[in-house]
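All of the numbers you see were taken from the coordinates with simple rules; none came from a lab. Just so it is clear, the model here is predicted, and its values are computed rather than measured. Here Cβ is always computed from backbone atoms with ideal geometry, including for glycine, and neighbour counts include all displayed protein chains.
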Amino acid sequence: MAVNLQRRPQMVYELDDVPRPFTRAAALGLQHVLTMFGATVSVPLLLGPAMGMSASEIAILVSSVMLASGLATLVQVNFGTRLPIIQGVSFSFLGPFFAIIAVAKTGQLSMQYIAGAIILGSLVEMFIGYSGLMGKLRRLISPVTIGPTIALIGLALFEVGAPMAGQNWLLAGTVIVCAFLFSLVLAPKSPLFKMFPILLAVIVAYGLALVLSLTGVYSPGTPGYISFTQVAVAPWLRDPSTIIFPWGLPKFSVAFFLATLAGYLASMIESFGDYHSVASAAGTTPPTERQISRGIGAEGIGCFLTGLVGGFASTSYTENIGLVGLTRVASRYVTNLAAIFLIILGLFSKFGAVIATIPAPIVGGLYCTLFGLIASIGLTNAARADLSSQRNQMILGFALFMGLSLPAYFKGVPSLGYPAQPVTIPGAQWLGDIITTIGSTGMAVAAITGLILDNLIPGTAEERGLVSQEVSAD
């Protein structure tokens, strides 16, 4: 196949360059941290309250996530693709993690099962990467499957958006309005708003909550009240005993492991595209098949380390790829400095304690803003296939609907009089638990449904969107 050679961008710093003086390199590395900060902190702030965690526990969770991101980035940049790509927590795993939380209930037990699922899944990702299977699996996974799978990451969480935001619509509404204003109106006029729209929206809402708390408008116990009690008592540095397995030893469940694999599938597909994007942004040649295999394998190692330090599964960060293209700084040295900064932040308890003071209604505003965006990204991926095809319309529509409806069947809809329907298999209840967990996870339902139908029902490569994938991969 002919390759369309494009003019390489003029880089300020190429892959092997070391910016001087050190302060310049440090500032460029810190910019990477700031770019991925909002999305990275969002995940523990979304999952922590769902697990009923206290402010001190959420502080440890935030620190663990930062530490995990730094470690995973070091592995990827130095032993994986060797491209300037930041690793961070992935939204692809939110559906499976919420399903685990719904069963485990308590925060510590939930994190033990999440760690177990991450560690087992990381072994699968390492095998797929280092064995070279990724290229073969890609032929079975078209945008017809990818689209609804990613869309369900956001859509399956609709029940926790407005209810959490509704605890204080003033603060949640401030986040939503500012997010739209900053990202769609002011971003084209200012690089600051272009890079940090969500982070700035949270800062504005947090500032409002802080003023209302200090002036007595919000009293202790009021949704939106900010207290720095936990910040004051938090030590500056984390206790070394809380760095490895901070939530206790992992617990393993086959059902949770299989549900989490849907997140790994979406993450690997997303990373495949990200490797090509960052290579283009860095002004270097497209990644080779071996380079891609190393990258996926390195992500598996990063996820394994994440399971050890008590964070969430990591993947490549598209936001930081945009930063490489914007600044024309592709230096691996800079990316390694960013990873070191993340590790330092992960070792400081005060940092996590400050983040944990963000009120729940502000997090609810993030739910409403980000989850719909994730769904639209999924639909954008689906658009790479021929959406005028009745075949694709049927498969996409069925996968999306069942991804929403089948979890409702398993969990029940009490308001309509429909009870929960967990699968019971006498003598093999472990199998029933697996089916119930997978069926309760919308993203897993969409992935399995789409994968089966898309590969069983005849369709051309052009119709399924596979040709466009092959062209972009070249």
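Rounded, prolate or oblate, given the Cα gyration tensor of the stretch 222-292, with a/c below 1.5 counting as rounded?
Note, shape of the stretch 222-292 comes out prolate.
Expressed as cubic angstrom per residue, what is the convex hull volume of the alpha carbon set of the chain?
161 Å³
What list of ³J(HN,Hα) values in whole Hz, one per residue of the stretch 446-452 in order, does the Karplus curve 6.51 cos²θ - 1.76 cosθ + 1.60 (θ = phi - 60°) give from phi, with Gly and Pro shown as x?
5, 5, 5, 4, x, 4, 5
Taking the convex hull of the Cα atoms, report for the stretch 113-212 its projected area averaged over all directions, in nm².
Answer in nm², one decimal: 10.5.
May I ask you to list the chymotrypsin sites (Phe, Trp or Tyr not before Pro) in the stretch 225-296 that are in a DSSP loop and have at most 10 other Cβ atoms within 10 Å of their Cβ?
Passing sites in the stretch 225-296 are Trp236.
So what is Rg over Rh here for the stretch 130-276, counting just Cα atoms and using Kirkwood for Rh?
Checking Rg against Rh, the ratio lands at 1.06.
What's the percent breakdown of Cα-Cα distances in the stretch 109-159 across 5 Å bins, shortest bin first?
4, 16, 12, 16, 25, 17, 8, 2
Listed here are the pairs Lys251/Lys411; Lys189/Lys350; Lys105/Lys251; which of them are more than 25 Å apart at the Cα? Could you put the intermediate results ahead of the total?
Details: Lys251/Lys411 23 Å; Lys189/Lys350 35 Å; Lys105/Lys251 14 Å.
Those over the limit are Lys189/Lys350.
Long-range amide H contacts for Gln87: which residues qualify at under 5 Å (H placed 1.01 Å from N, peptide plane, sequence gap of 5 or more or a different chain)?
It is Thr73, by chain and number.
So what's the back-of-envelope 222 nm ellipticity for the chain, counting only DSSP H runs of four-plus at -39500 (n - 2.57) apiece and dividing by all residues, rounded to 500?
Taken over the chain, the calculation gives -21500 deg cm²/dmol.
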